[in-house]
Amino acid sequence: MKPLILVFLGGGIGSALRYLIGRALNNTIPNFYLGTFLVNLIGCLLIGFIMGLASKNNLLTQNQTLLFTAGFCGGFTTFSSFALEQYSLLKNGDLFNFTLYTTSSIVLGLLAVILGFWLSRTV
């Protein structure tokens, strides 16, 4: 039961923060969901960093890792929203922003995970 509570608490905090960031930033650039984009990159960076710490000399307990990864990062990152926004761009025929948004989210997200692991080595 404790793991479920940890995921629930972390997910709630992550989801609330994702909502606030999306609300603040998603309308700043026309036809580009900047808030969702940044949340995905930050989430990828965080999950790489957290998993790097967890695998490095057991710096995090199993419960802490669960709270931060499945909980917080799971609630914070928004790939379901990302897919819905991709659909919206395609439906509206905005192939340029669809391609830019999709490609940069995936490539930069992967690079952010790698950077997170690299940063965790310096702690």
Whenever you get a sec, compute what percent of the accessible area on the chain sits on carbon and sulfur atoms (1.4 Å probe). 72
Shape verdict for segment 61-112, please, from the Cα gyration tensor: rounded (a/c under 1.5), prolate (a/b greater than b/c) or oblate. oblate
Between Q64 and T102, what is the label-point separation in nm under the 7 Å Cα-to-beta-carbon projection? 4.0
Quick one: what are the phi-derived ³J(HN,Hα) couplings along segment 26-33, Karplus 6.51/-1.76/1.60 with θ = phi - 60°, whole Hz, x for glycine and proline? 5, 9, 7, 10, x, 6, 9, 8
Rank-order 47-57, 105-115 by packing density, defined as the average count of other C-beta atoms within 10 Å over each peptide's residues, highest first. 47-57, 105-115
Percent relative contact order for the chain, counting Cα pairs under 8 Å at least six residues apart, stands at 39
Rolling a 1.4 Å sphere over the protein heavy atoms, what is the accessible area per residue of the chain, to the nearest Å²? 60
Mean-position separation - Cα centroids, segment 1-67 and segment 79-106, in angstrom: 21
Take the alpha-carbon positions of the chain, form their convex hull, and give its projected area averaged over all directions (one quarter of the hull surface) in nm². 7.9
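The values are calculated or read from the model by the stated rules, or taken from the named source; none is laboratory data. These figures come from a predicted structure and were not determined experimentally. Neighbour counts run over all protein chains shown; Cβ positions are idealised from the backbone, glycine included. Protein only, heavy atoms only, side chains kept; ligands, DNA and RNA dropped before computing areas. Shrake-Rupley method; radii C 1.70, N 1.55, O 1.52, S 1.80 Å.
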